[in-house]
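Read the figures in this text as sums done on the coordinates, not as results from a lab. Keep in mind it's a predicted model, so treat the numbers as computed, not measured. Note that each Cβ is placed from the backbone with ideal geometry, even for glycine, and that neighbours are counted across all protein chains shown.
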Amino acid sequence: MAVSATPPVLSPTSTPGGASSLFRPDSLYSSPAESPTNGNGPGGVHNNECKMVEVHGVKVASFTVDGQELICLPQVFDLFLKHLVGGLHTVYTKLKRLDICPVVCTVEQVRILRGLGAIQPGVNRCKLITRKDFEALYNDCTNARQRLLGYRANMVILMIQIN
């Protein structure tokens, strides 16, 4: 195999795509959705088109990834769960127990969510979950709250009977 003694020279005026060029003249990907990402999501492909969907009567940010509608976990936590549980750490513990694996947002998706106001301006990480997984999480949080309130009510009745 013969190797050229001089490497190809690229200058600001040279055009890419020649036989000795390092660059391809055509795009490798026909759409941004086909571009590879950091591989955090299912299949490593992300769609950056965000739409607002209705969850329990409130509009929530969502992305469609590999044909699945994924909603913004911090946003639904803030809207529906924060008054039911101690904090986001409790939610992640519940997700683990329920065997729910959220999808990590890409940097671009985080920027979009910040721009929409779905997450706080200083947030640089975010996770997405399916609507079905959110419903399972929501039911778990509301049932846990009811059990806790029932326990407290029983304790109050017991304390009244003792006195």
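Using modelled amide H (1.01 Å from N, peptide plane; none on Pro or chain starts), what sits under 5 Å from the amide H of residue 126, excluding residues fewer than 5 places away?
Those lying under 5 Å, H to H, from residue 126 are 105.
Please compute the length gained on full extension between residue 111 and residue 125, using 0.36 nm multiplied by the number of residues separating them and subtracting their Cα-Cα distance.
Gain in length upon complete extension: 4.1 nm.
Is the C-alpha gyration tensor of region 73-131 telling us rounded, prolate or oblate? Criteria: a/c under 1.5 is rounded; beyond that, a/b larger than b/c is prolate, otherwise oblate.
Judged from the Cα gyration tensor, region 73-131 comes out oblate (a/c at least 1.5, b/c at or above a/b).
Ranked highest first by average number of other Cβ atoms within 10 Å, how do 95-105, 67-77, 109-119 line up?
The densest-packed peptide leads the list: 67-77, 109-119, 95-105.
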